[in-house]
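Read through the structure below, which is laid out as structure tokens, and then see the notes.
The values are calculated or read from the model by the stated rules, or taken from the named source; none is laboratory data. Treat the numbers as computed from the prediction; the structure is a model and nothing was measured. Glycine also receives a Cβ, built like all others from the backbone with ideal geometry; neighbour counts cover every protein chain displayed. Accessible surface areas use protein heavy atoms only, side chains included; no ligands, DNA or RNA. Shrake-Rupley method; radii C 1.70, N 1.55, O 1.52, S 1.80 Å.
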There are 2 protein chains.
Amino acid sequence: MTNHVQRAAIVASATGDTTVPPIVRNQGVTAPLGFRAAGVAAGIKASGRPDLALVVNEGPEYSAAGVVTRNKVKAAPVLWTQQVLTTGRLRAVILNSGGANACTGPAGFADTHATAEAVAAAMSNWGTDTGAVEVAVCSTGLIGDRLPMDAVLTGVTTIVQDMGGGLSGGTDAARAIMTTDTVPKQAAVHHPGGWNIGGMAKGAGMMAPSLATMLVVLTTDAAVDAAALDTALRRATAGTFDRLDIDGSTSTNDTVLLLSSGASAVTPTQGQLDDAVFAVCDDLAAQLMADAEGVTKRIIITVTGAVSDDEALAGARTIARDSLVKTALFGSDPNWGRVLAAVGIAPIDLDPDRVTVRFNGALVCENGCGAAGARDVDLSGADIDVTVDLGLGPGAATIRTTDLSHAYVEENSAYSS
Amino acid sequence: MTNHVQRAAIVASATGDTTVPPIVRNQGVTAPLGFRAAGVAAGIKASGRPDLALVVNEGPEYSAAGVVTRNKVKAAPVLWTQQVLTTGRLRAVILNSGGANACTGPAGFADTHATAEAVAAAMSNWGTDTGAVEVAVCSTGLIGDRLPMDAVLTGVTTIVQDMGGGLSGGTDAARAIMTTDTVPKQAAVHHPGGWNIGGMAKGAGMMAPSLATMLVVLTTDAAVDAAALDTALRRATAGTFDRLDIDGSTSTNDTVLLLSSGASAVTPTQGQLDDAVFAVCDDLAAQLMADAEGVTKRIIITVTGAVSDDEALAGARTIARDSLVKTALFGSDPNWGRVLAAVGIAPIDLDPDRVTVRFNGALVCENGCGAAGARDVDLSGADIDVTVDLGLGPGAATIRTTDLSHAYVEENSAYSS
């Protein structure tokens, strides 16, 4: 696994100008100074599992940036969060699982607004003068139902009172946003320059892709403004979450937020910030892939030799979404012809007679024809690398995906989720 | 089922100028006058099942038209058939299952050429002076392996000798082109004007879509030229096979051919020809959907109220390809939120607050919000209609698709196919 993650990060677009310290995985949004977090069971989920999370920025600065789903059907919390992000300033993020609050109309938007107001009021009661416009809201779960607002609003009061310091609060928050996730997902970097960045994630997918809603909150104590955060976040999401494609679907609720407290009083260079944010996002993306619904294979699709990076990305994405490729790899079948058939319908320049394909480094197709031993390549392991060289130019790109398994069908057909 | 098929045909683009007689399903390419066909087991398939089919046009005319896959990776027989179609004239079509002869390079193309030469030589031996340029070739099966040419060439001699008249030859041919198909697929129309059209098909998918290779041969005894055939065929495939989308994949080998013998000596109007060809293609497309790999639900996706028919088609296709929609319908789950999320990523004009969705006629989402009783709609039957009204304009289009089932995963993961 480690090799794949590292290779993907290298192939993708980190600036590479700076060295990023190792990722720490048992720390998340409370790893940086100036942040507190909590997760509680508010009764939104029928199961009684944790379902409400809060991340609070205690300052002294409150810069923030975010990216949201490109789906034209946007959930109420996404519409709200887009609005409050225009100020470049956030004091808190409230997140719930157990309901997406999508396709719920004006009443659903009013629910989101009321939730932000309740967080602001509770925080103000506890001594931090806060307005609703400083509170982002994220929701995840089934599309189409109103949230149980009694439970949500009671939960907001509880969670603000219970807000703990230290790392365990971040872990509690990471647990409370889980839906079909089987493990909480956190990553942090402690920079030798004296500043830190941490994050938590749930689901899989972003903007282009999505399996379930993906929610990510990232925090840093670097003293940087909203514009610097926005630059770092867009660069990182384009190279990490945007290149995770489980099934080509895109959620109504996908949201990635980055908040800075400035509490370290250190201002890194933009390149240092970019690379650290990228590293945390890249690790969280790998964790999302590894915990995707029904996953039995972690697959890295790399296209090289395209006429441009954009065409390489389109080619890799087309292969990653092809059901016949994904079922073959579920069956550990080195059926390279399906890779050729898939890339052949990508909207890119292609000369079939120049295409070369490798599975886990083994040549299976050269210049469009099968290679000796191609049918015997062992794909029984959980990690599969598919590399396709188009032989046309310098363009290259990598997509993370998974196989199409019985468990995927089971998980997505057995109940409304 | 009948209602769905009829409705799809109505929504799609038949000219509607003329009345088409009922479809006859136990007759195929030998229903029209002037055609003979056969199917034999030539030893191409290891299983010993029939694997070689021949359709011969005995004239007096030999007009022909065809459409082939839009995949940039085209199998050798597709490249050959594209060349011979430029003459607008065919005497025979030789088809094999048991191997796609795709991604086989110049040697594979030479195999296709040798097959056409062998058919021409055998037909010439039996008294019909024929050139290889008058013989189209179609192949279907695993991509990437050379065909066993000894078996193919011996089979060609046998099949030309064995060529029978009558309807049974057509049925034998329809059986010999099957791969994962469970039933042969034929359809014919006997026009009261004194001319006939028949066809056979295997697989599912065409140009945009494909599950496995789709091969279709259509025949008519109408006295029409190649240009008239080409017009009728392109109109029909655009409205039928092009709107069958099982899994968004596209084969390297998809081919649809239409041959006329002129043996009826009747020349129908272009409208009559268009409508009859459309009707036969529409029925064959319905048969392909019903026999698609792993199908448990036959699904008709109709988008109305789009700003144009093209946008409606793009919307319907996006929904039809969405794995989360397809798994929900496999589970008989009226999870309409996934339909909203899917159409929300289609590259079309959309106002989420105007979208209305019906499952089997029952309102489940109105103006972007859930309708009362939406979660209780019964989708346990095998036929599911999904209609999405975008509320923006006059554009409408329909796509046939299937669910994403355990059987689909099993069939496509258990072996190289």
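Projecting 7 Å from Cα along the Cα-to-Cβ direction, the label point of B:Asp349 sits 3.5 nm from its equivalents in the other copies, listed shortest first.
With only Lys, Arg, Asp and Glu charged, each at its Cβ (+1 for the first two, -1 for the last two), find how big the charge dipole of chain B is about the Cα centre; round to the nearest 20 debye.
Working: 27 positive and 43 negative charges, 82 e Å.
I would put it at about 400 debye.
Each other copy places its own label point for B:Pro394 at 5.1 nm from this one, sorted shortest first, where the point lies 7 Å along the Cα-to-beta carbon line. Applied to the range A:181-196, the Karplus parametrisation 6.51 cos²θ - 1.76 cosθ + 1.60 on θ = phi - 60° returns per-residue 3J(HN,Hα) values of 4, 9, 9, x, 10, 9, 7, 9, 10, 9, 7, x, x, x, 10, 9 Hz, with x for Gly and Pro. Within the range B:315-333, the residues that become at least 30 Å² less accessible when every protein chain is included than when their own chain is isolated (1.4 Å probe; DNA, RNA and ligands ignored) are B:Ser323, B:Leu324, B:Thr327, B:Asp333.
Taking beta carbons within 10 Å but only from partner chains, what does the mean come to for residues A:404-410?
On the way: counts 7, 3, 5, 1, 5, 14, 5.
Across the residues of A:404-410, the mean count of other-chain Cβ atoms within 10 Å is 6.
The contact between chain B and chain A removes approximately 4100 Å² from the accessible area (both sides summed; 1.4 Å probe; ligands, DNA and RNA excluded).
Go ahead and estimate [θ] at 222 nm for chain B from helices alone: -39,500 (n - 2.57) per DSSP H run with n ≥ 4, summed, over the residue count, rounded to 500. Please list the in-between numbers first.
Numbers: 11 runs with 137 residues, N = 417.
Estimated from H runs of four or more residues: -10500 deg cm²/dmol.
If contacts are Cα pairs under 8 angstrom and at least 6 residues apart, what is the relative contact order of the range A:2-287 in percent?
Working: 810 pairs, mean separation 82.4, N = 286.
Worked out over the range A:2-287, it gives 29 percent.
Return the average number of partner chain Cβ atoms within 10 angstrom of each residue Cβ along peptide B:247-256.
Numbers: counts 6, 8, 10, 5, 4, 7, 1, 0, 0, 0.
Taking all residues of B:247-256 together, the mean is 4.
Distance between the C-alpha centres of the range B:220-249 and the range A:223-296: 48 Å, rounded to the whole angstrom. May I ask you to list the residues of the range A:347-367 whose amide nitrogen lies under 13 Å from a point 7 Å from Cα along the Cα→beta-carbon direction of B:Gln82? What the label zone holds, given the 13 Å backbone N cut-off, is A:350-353.
The calculated FRET efficiency for the pair B:Asp162 and B:Arg354, based on their C-beta separation and a Förster distance of 41 Å, comes to about 0.10. Residues whose amide H falls under 5 Å from that of B:Ser139, counting only those 5 or more places apart or on a different chain, are B:Asn96, with hydrogens built in the peptide plane. Each label point was placed 7 Å from the Cα along the Cα-to-Cβ direction; for B:Arg89 and A:Glu58 their separation is 9.0 nm.
In this rough spin-label picture, where each label sits 7 Å from Cα along the Cβ direction, the B:Asn125-A:Ala265 distance is 9.7 nm.
Of the residues B:His190, A:Pro50, B:Gln287, the one whose Cα sits farthest towards the positive end of the charge dipole of the protein assembly as shown is A:Pro50 (charges of +1 on Lys and Arg Cβ, -1 on Asp and Glu Cβ, taken about the Cα centre). For the range B:43-141, chymotrypsin sites (Phe, Trp or Tyr not before Pro) meeting the loop criterion (DSSP other than H, G, I, E, B) and having at most 13 other Cβ atoms within 10 Å: B:Trp126.
Each Cα pair under 8 Å and six or more residues apart adds its separation to the average, and for the range A:298-413 the resulting relative contact order is 45 percent. Return the single residue from A:Asn253, A:Asn57, A:Asn125 with maximal mean-square fluctuation; model: Gaussian network over chain A, springs between Cα atoms under 10 Å. Looking only at A:Asn253, A:Asn57, A:Asn125, the largest GNM fluctuation is found for A:Asn125. Under a 5 Å amide H cut-off, with hydrogens placed 1.01 Å from N, A:Asn101 pairs with A:Gly144, A:Asp145 among residues at least 5 apart or on other chains. The H on the amide N of A:Arg89, modeled in the peptide plane, is under 5 Å from the matching H of A:Ala64, each at least 5 residues off or on a different chain. For the range B:2-290, which whole percent of the accessible surface, found with a 1.4 angstrom probe, sits on carbon and sulfur atoms? With neighbouring chains kept in place, the figure for the range B:2-290 is 52 percent. Per atom type, the range A:298-413 shows carbon and sulfur on 47% of its accessible surface, probed at 1.4 Å. Computed over chain A with a Gaussian network model linking Cα atoms closer than 10 Å, the most mobile of A:Ala285, A:Ala362, A:Ala41 is A:Ala362. Taking A:Thr128, A:Thr240, A:Thr304 as the candidate residues, the one with maximal mean-square fluctuation in a Gaussian network model of chain A, Cα springs under 10 Å, is A:Thr128.
Couplings 3J(HN,Hα) for the range A:86-99, derived from phi with the Karplus relation 6.51 cos²θ - 1.76 cosθ + 1.60 (θ = phi - 60°), are 5, 7, x, 8, 9, 9, 7, 10, 9, 10, 10, 9, x, x Hz, where x marks Gly and Pro.
What the phi angles of the range A:218-224 give under the Karplus curve with 6.51, -1.76 and 1.60, with θ = phi - 60°, is a coupling list of 10, 10, 8, 9, 5, 8, 9 Hz, glycine and proline written as x.
Solvent exposure of chain A amounts to 32 Å² per residue of accessible area, where only protein heavy atoms count and the probe is 1.4 Å.
If you count, for every residue in A:97-103, the Cβ atoms of partner chains within 10 Å of its Cβ, what is the mean? Let's see the in-between values first.
Working: counts 0, 0, 0, 2, 0, 6, 15.
Partner-chain Cβ atoms within 10 Å, mean over residues of A:97-103: 3.
Between identical copies, the spacing of B:Gly43 label points, each set 7 Å from Cα toward the C-beta atom, reads 7.7 nm from nearest to farthest. Burial of accessible area (probe 1.4 Å, heavy atoms of protein chains only) in the range B:144-169, relative to its chain alone, reaches 40 Å² or more for no residue. In the range A:351-365, burial by the other protein chains removes 20 Å² or more of 1.4 Å probe accessible surface, compared with the chain on its own, from A:Pro352.
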